[in-house]
Each structure stands twice: as C-alpha cells, then as structure tokens.
1. Would you please classify the overall shape of the stretch 34-73 from the alpha carbon gyration tensor, given that a ≥ b ≥ c denote the square roots of the eigenvalues, rounded means a/c under 1.5, and beyond that prolate means a/b larger than b/c while oblate covers the rest?
2. Under the 0.36 nm per residue contour assumption, what length would be gained going from the current alpha-carbon distance of residue 83 and residue 53 to full extension?
3. Looking only at the stretch 36-51, which residues have a backbone nitrogen under 11 Å from a spot 7 Å from the Cα of residue 95 in the C-beta direction?
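Every number here is computed from the coordinates shown, using simple stated rules; none is lab data. Please read these numbers as outputs of a predicted model, since none were measured by experiment. Every residue, glycine among them, receives a Cβ derived from its backbone with ideal geometry; neighbour counts consider all protein chains shown.
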C-alpha cells in the first residue's frame, strides 16, 4: 500500500518518531470507528451523510487500510515527488484523535520503518 504522511508529507517525522502508519480524514461530519461498518458500502453511505466531498474514494481508501493492510505487509511512505521510506506493519488498526490533524480522526497501525530510502 502507498501512503502519504500528511499533506505535502508534513507528518513524516511524526510517523518515524512514533513508528506508526496512518490515514487521516478530516471534514465536518466524522464517521468514527471503522469497526462499526459491516462493509465498504455502509462506510460510503456514512461518508455521504457526513458530507464528504469524495465519499466513494474515501470509503475505498479507509476500508483498504482497515481491512486489507495486515501485520507483515510492506507500506510505501511517499512524498509529493519521492519515496520517503518503506515500513512493515506490526500492529492492528486503532482509532486515535490527534491535534496533528486538527482533532481529526486518525486510523492507525503500528509499524516500523526501515530507514531513509
């Protein structure tokens, strides 16, 4: 999976320092914990109701991170024009609220990065 650490990769240091891989979605109506949805279509419906501007895209990205990315998988962290590093997922999904994303919902998996690519 490819993952951009924040707009313009501005959260890269946070990812490395905390050994995490995240996907964040910030908008007016938050959908909360992804575990409450039975499938990607239910998540998409919640995103539509929450006012997300790209609910289909958002649902696919969030669901893929939640369900398809597993411990042992390799994640590519990339910046706007370059690969930042490769990491290996080491933990399960959890939800976190963080000031880093203006109190946005962060969907997180623990993992470690190999070193500067």
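1. Working: a/c = 3.18, a/b = 1.89, b/c = 1.68.
The shape class here is prolate.
2. Here the segment from residue 83 to residue 53 would lengthen by 8.0 nm.
3. Correct set: 36-37.
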